[in-house]
Amino acid sequence: MSAEPGGARLFDLGYRSYEGARERPARAMATLAVFTARRVLGLGRGGRHKVLPAITLAIAYLPALVSVAFAVILEDLPVDDLISYGDYAFITGSALALFTALIAPEALCPDRRSGMLGLYLAGPLDRNRYLAAKGVAVFAVMLLITAGPLLFMFVAFTVAGHGPSAGESPGLLLRILASGGATALLYASLSMAVASFTTRRAAAAVATVLLLFVPVSVVRSAIESAGAPNALDLLSFPFVVADLSYRIFGETPDDASPVRELSTGLVAGGVAAAIAAGILVCWLRYRRLEAFR
Amino acid sequence: MPESLIPPVISARGVVKRYGRTVALAGLDADIGPGITGLLGSNGAGKTTFISLALGIRSRDGGTLEVLGHDPAVSGIQMRARIGYAPEHHDLPSELAATDLVRHLAEMHLLPHRAAVQRANDALWLVGLGEERFRPVGAMSTGQRQRVKLASAIAHDPELVLLDEPTDGLDPVQRTEMLDLIRRIGTEFGMHIVVSSHHLEEVERICDAVVIVEGGEVVHAGTLADVRRGPEGLVVEVDDRADELAEILTERGYEVTVDGATLRLGAAEGIHDAVRDAVADLGIGLRRLGPRGRTLEDVYLGAGK
Amino acid sequence: MLAPVPTAGGVPLTAAPSEPRVVAEGVSKWFGALVAVSDVSFDVGAGVTALLGPNGAGKSTMLRMLCGLARPSQGSVRVLGRDPRTDTGVTRLIGLVPQQESVFEPLTAHRFVALAATLHGLPEPGAAAARVLETVDLDPTDPRKLPAYSKGMRQRVKLAQAIVHEPALLVLDEPLTGLDPRQRADMVALFRRLGSEGRCVIVSSHVLDEVERLGSQILVMSQGRLAAAGDFHELRALMDDRPLRVRVRTDRPREVAGALLEGGAAVGVRLDGDDAFELDTNDARALAHALAPVARDRGARLFEVRPLDADLEGVFRYVVER
């Protein structure tokens with residue numbers, strides 16, 4: 001403010017009430033989702049919180065980068081020698097599962113440990129909205145790992161001239177999203193369900209890893225020695241996820257997992273059921289939770 | 001608008017809450033009006049339960065409840081956007097800087113981003129944490145955390161602020177500062193405040209009205225002005241021989257109770273001169289003399305079970 | 001009620017009430033580079049003494065050393081002449097009611113207290129437990145288990161358990177938290193009674209309004225050091241860079257004020273309307289003794305005598321902020 005002669009002013013530094021516009025309640029969910037996604041990826045936090053996300057992203061995107069590099073450099077390389085979309089899911093499977101074990105615990109556990117959940121619920125949120133926002137955040141971050149690299153490959157190949165024809169593109173795009181989306185949804189719901197049982201991130205992470213990997217060995221023995229139904233293979237989640245991706249892309253893997261034997265309907269149904277179960281468990285746990293001490 | 005025509009901020013009729021077979025609230029009736037109200041009661045009396053019902057975080061088992069014109073069980077989401085809350089416990093996310101925490105919660109209360117940044121800053125300065133606002137909350141002392149909680153409760157300029165035991169863990173000087181701050185916020189900033197506490201003197205110091213809760217029911221509700229109205233007795237503090245003084249006055253027909261070096265006398269004719277003369281005769285020192293209206297403690301002890 | 005003749009550890013407390021029961025001499029405690037307590041010396045006799053201080057002043061550490069739970073890095077602590085840390089006999093003389101909510105077993109109150117009595121080697125633990133539960137106004141025959149008790153009742157059980165062996169030294173950390181005014185009044189009366197029986201009761205608290213009811217002996221710690229000790233009225237008198245300001249309401253302000261000034265009890269007066277005046281004094285005691293006689297001689301009625309800033313909070317602030 002320019003002071004005119006004799007126009008000195010004293011400004012009141014007291015409290016200013018807020019008369020401006022306020023957002024609508026749904027905005028709180030968006031704020032929470034973005035906040036959670038950023039925290040999980042280590043953004044806005046110290047350097048050491050970015051390490052694991054960075055490593056995982058590197059592992060996830062490396063094959064895509066390498067493939068694209070090869071395709072660009074060696075122009076006449078047969079495309080078949082590069083990684084197929086179906087193979088990709090399988091390759092990045094381990095990195096994916098480990099990252100899964102970290103995201104949901106990071107998204108859910110600290111809030112219950114630190115009293116933040118109570119503070120959130122004392123705002124324009126309820127438990128359902130809270131979970132929905134968290135779910136969206138976890139899902140979105142997972143999508144970054146599952147569909148992200150494939151999309152990158154797709155775009156890079158297309159630009160480099162190795163991509164599919166214009167007619168096939170929408171279909172391929174859809175498959176990428178379907179496969180990435182289904183995988184992300186499955187891992188998100190299972191890991192959130194596990195994380196809803198404990199406030200300790202490390203415990204939740206270990207439990208998630210166990211949930212994803214232990215059935216793989218146990219189920220096989222149960223089926224072969226004890227004659228349990230083959231459908232039990234649907235509990236070997238990493239295999240299920242890989243197999244689903246192969247089916248979506250209409251490819252046949254060289255080393256087929258036992259899941260290959262099951263019908264597509266069963267596999268799709270199994271995945272859907274697991275997703276639903278995870279969401280239900282998580283929802284039930286949060287309904288009963290004491291937000292207050 | 002005359003005070004009696006201003007609608008209460010929180011209105012409860014017959015509110016019931018059970019946890020299993022325990023009845024936490026057994027038909028609570030209260031009108032918590034504009035201004036600063038103290039929710040007073042010992043631990044386990046039902047204060048925190050009532051607050052969780054008023055916020056709509058828990059559902060009630062009976063009765064009606066209206067907060068800022070909303071039924072928390074029905075339109076709790078819109079209602080909570082206009083309320084600020086500081087819980088009793090001191091747990092806060094330890095690695096977040098104070099300013100990030102306050103800003104995030106302001107945004108979660110539907111303030112646009114820029115406004116949230118600005119107001120978080122202002123709120124932290126207001127509560128005296130201006131210089132420390134970039135420190136992680138985990139590195140803060142209890143006193144500082146209490147102030148961070150207060151800042152988060154007011155940053156989004158709510159209409160109603162609920163504070164649960166805001167002086168818990170604070171030393172005497174910090175208590176006074178916190179109480180003064182709360183009083184300021186309630187009187188100057190146009191926010192209604194409910195302070196839940198078991199500290200009777202603190203409630204008496206800063207509140208305009210009080211609701212006393214015991215055993216899940218309201219045992220007394222009213223303004224502090226009403227509490228203090230009433231026949232004025234006398235309080236006398238001497239430096240020696242208080243019991244003898246009490247005896248002399250009792251013999252003269254006055255009603256006296258002794259509490260250490262302090263005597264409390266019921267209102268009566270000629271009491272001032274009687275005290276003066278007895279003190280002079282005994283040759284003891286008169287430290288304090290004054291009218292004694294009813295205090296909250298009298299109400300509490302008279303009304304309680 | 002407790003045994004008719006106050007005893008501590010079975011030994012009758014015949015020592016004169018004014019003899020110190022707890023003596024700290026040059027006590028310091030550090031944890032690595034952190035100095036929690038620095039060169040603190042005091043003695044505490046029978047009666048109730050309040051330990052005050054800002055957070056982080058070293059009070060909890062000091063209390064732990066008094067009970068023998070921690071060893072001073074330097075200096076000594078003696079309870080009834082004995083070292084609470086090394087002399088196992090003396091732990092029978094100490095009772096501690098810590099601040100934290102203890103984990104309560106599913107026992108009845110009587111069982112719980114009797115257990116403590118047994119651990120202290122009392123000859124008749126059941127009877128002792130019953131007696132002490134009645135002292136704290138709880139029913140020894142109550143069949144309910146502790147988790148069913150309210151916080152106020154559990155607080156009283158904690159206290160019962162700490163006094164069942166009739167300790168000479170009772171240390172209480174924020175004992176009135178969460179109690180309603182009636183329970184609080186009862187507890188305060190109990191502490192005062194224990195103090196007048198010859199026991200040494202040390203109460204640590206932040207709530208000055210409650211502390212004021214316990215009596216006027218205080219110890220103030222600040223920044224690990226002892227900032228003040230003694231009767232708080234006397235401490236106020238020692239605050240000599242701050243004359244005590246007192247407001248007096250009377251029907252003859254001019255006469256009374258004038259007389260006090262003349263007599264030297266006040267060093268300055270300011271009339272305030274027709275019915276009051278404020279005065280400054282450097283001698284609180286002389287003023288207190290002069291007020292009633294002067295008023296009587298002048299035929300003046302005294303309606304109010306109010307010291308400004310002489311309450312416990314005023315003293316506390318002054319001591320801690322120096």
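The values are calculated or read from the model by the stated rules, or taken from the named source; none is laboratory data. Since we're looking at a predicted model, the values are computed, not measured. All Cβ positions, even for glycine, are placed from backbone atoms using ideal geometry, and neighbour counts span all protein chains on display.
Within segment B:214-224, at least one residue is within 10 Å of chain C (Cβ to nearest Cβ), under 30 Å from B:Ile185 (Cα atoms) and either crowded, with 17+ Cβ neighbours inside 10 Å or modelled with pLDDT under 95 (or both).
More than 9 Å from chain A (Cβ to nearest Cβ), in contact with a strand residue (DSSP E or B) (Cβ under 9 Å, 6 or more places away or on another chain) and under 25 Å from A:Arg38 (Cβ atoms): is that true of B:Arg135 in this structure? In short, yes. Identification of helices (runs of 4 or more DSSP H) wholly contained in segment C:233-322 with 3 or more residues that are touching a helix residue (DSSP H, G or I) at 6+ places or on another chain (Cβ under 6 Å) and within 30 Å of C:Gly58 (Cα to Cα) yields C:312-321. Would you be able to say whether some residue in segment C:71-86 is in the same structural domain as C:Pro125 (by TED's automatic domain parsing), part of a loop (DSSP other than H, G, I, E, B), modelled with pLDDT of 85 or more and within 27 Å of C:His233 (Cα to Cα)? Checked against the condition, which is being in the same structural domain as C:Pro125 (by TED's automatic domain parsing), part of a loop (DSSP other than H, G, I, E, B), modelled with pLDDT of 85 or more and within 27 Å of C:His233 (Cα to Cα), segment C:71-86 yields no hits at all. Being buried (at least 21 other Cβ atoms within 10 Å of the Cβ), in contact with a helix residue (DSSP H, G or I) (Cβ under 6 Å, 6 or more places away or on another chain) and either modelled with pLDDT of 90 or more or of a type outside the set (Lys, Arg) (or both) holds for only one residue in A:Leu121, A:Leu125, A:Leu82, A:Leu143, and it is A:Leu125. With respect to C:Arg199, determine if the residue is within 30 Å of C:Pro175 (Cα to Cα), away from chain B (no Cβ under 14 Å) and buried (at least 22 other Cβ atoms within 10 Å of the Cβ). Yes: the conditions hold for C:Arg199.
Only residues that are surrounded by fewer than 16 Cβ atoms within 10 Å (Cβ to Cβ), in a loop (DSSP other than H, G, I, E, B) and within 11 Å of another protein chain (Cβ to nearest Cβ) were counted in segment A:19-55, giving 7. Of all residues in segment B:19-41, those being within 20 Å of B:His192 (Cβ to Cβ) and within 14 Å of chain C (Cβ to nearest Cβ) number 4.
In segment A:155-182, the qualifying residues are those that are hydrophobic (A, V, I, L, M, F, W, C) and touching a residue at least 60 places away in the same chain (Cβ under 8 Å), and the one that is nearest to A:Phe99 (Cα to Cα) is A:Ala182. Here is a check on your reading of the model: is B:Val173 assigned by TED's automatic domain parsing to the domain that holds B:Ala123 and in contact (Cβ under 8 Å) with a residue 60 or more places away in the chain? No. When residues in segment C:111-127 are screened for being more than 15 Å from C:Leu96 (Cβ to Cβ) and surrounded by fewer than 19 Cβ atoms within 10 Å (Cβ to Cβ), 8 of them pass. Restricting to segment B:56-80, and then to whatever is at pLDDT below 95 and closer than 19 Å to A:Gly115 by Cα, can you tell me which residue is surrounded by the most Cβ atoms within 10 Å (Cβ to Cβ)? Only one residue tops the list, namely B:Gly56. Looking only at residues in segment B:143-172 that are assigned to a helix (DSSP H, G or I), away from chain A (no Cβ under 12 Å) and out of contact with any helix residue (DSSP H, G or I) (no Cβ under 6 Å at 6 or more places or on another chain), the one that is surrounded by the fewest Cβ atoms within 10 Å (Cβ to Cβ) is B:Gln144.
I'd like to know if segment B:231-244 contains one or more residues that are more than 20 Å from C:His233 (Cβ to Cβ), out of contact with any strand residue (DSSP E or B) (no Cβ under 7 Å at 6 or more places or on another chain) and assigned to a helix (DSSP H, G or I). No: zero hits. I'd like the residue in segment B:42-101 that is basic (Lys, Arg) and free of Cβ contacts under 8 Å to residues at least 60 places away in the same chain and, out of all such residues, is nearest to the other protein chains (Cβ to nearest Cβ). Applying the filter and picking the extreme gives B:Arg80. Within segment A:123-149, residues that are without any contact (Cβ under 8 Å) to a residue 24 or more places away in the chain reach partners that are outside any helix (DSSP H, G or I) and surrounded by fewer than 24 Cβ atoms within 10 Å (Cβ to Cβ) with beta carbons closer than 9 Å, at six or more positions or on different chains, in the pairs A:Asp126/B:Ile57. Across segment B:179-207, the number of residues qualifying as within 14 Å of chain C (Cβ to nearest Cβ), in a helix (DSSP H, G or I) and out of contact with any Pro (no Cβ under 6 Å at 6 or more places or on another chain) comes to 8.
Among the residues of segment A:200-233, just one is under 20 Å from the mean Cα position of the chain (by Cα) and of a type in the set (Ser, Thr, Tyr), namely A:Thr208. Among the residues of segment B:269-305, those identified as in a helix (DSSP H, G or I) and within 7 Å of another protein chain (Cβ to nearest Cβ) are B:His272, B:Asp273, B:Arg276, B:Asp277, B:Val279, B:Ala280, B:Glu297, B:Tyr300, B:Leu301. Just checking, does segment C:140-154 include any residue being within 8 Å of chain B (Cβ to nearest Cβ), part of a loop (DSSP other than H, G, I, E, B) and closer than 30 Å to B:Arg287 by Cα? No, segment C:140-154 contains no residue that is within 8 Å of chain B (Cβ to nearest Cβ), part of a loop (DSSP other than H, G, I, E, B) and closer than 30 Å to B:Arg287 by Cα. Scanning segment B:255-268 for residues that are among the charged types (D, E, K, R), under 29 Å from the mean Cα position of the chain (by Cα) and away from chain C (no Cβ under 11 Å) turns up just one, B:Arg264. For B:Gly33, indicate whether it is assigned by TED's automatic domain parsing to the domain that holds B:Met108 and farther than 27 Å from B:Leu179 by Cα. Answer is no for this residue. When you look at B:Asp226, is it assigned to a loop (DSSP other than H, G, I, E, B) and acidic (Asp, Glu), yes or no? Here the answer is no, as B:Asp226 does not meet what is asked.
Within segment C:227-243, being of a type outside the set (Asp, Glu), without any contact (Cβ under 8 Å) to a residue 40 or more places away in the chain and out of contact with any strand residue (DSSP E or B) (no Cβ under 6 Å at 6 or more places or on another chain) holds for C:Gly230, C:Leu238.
Name the single residue, out of those in segment C:14-35 being at pLDDT below 90 and touching a strand residue (DSSP E or B) at 6+ places or on another chain (Cβ under 6 Å), that is surrounded by the most Cβ atoms within 10 Å (Cβ to Cβ). Restricting to residues being at pLDDT below 90 and touching a strand residue (DSSP E or B) at 6+ places or on another chain (Cβ under 6 Å), the top hit is C:Arg21.
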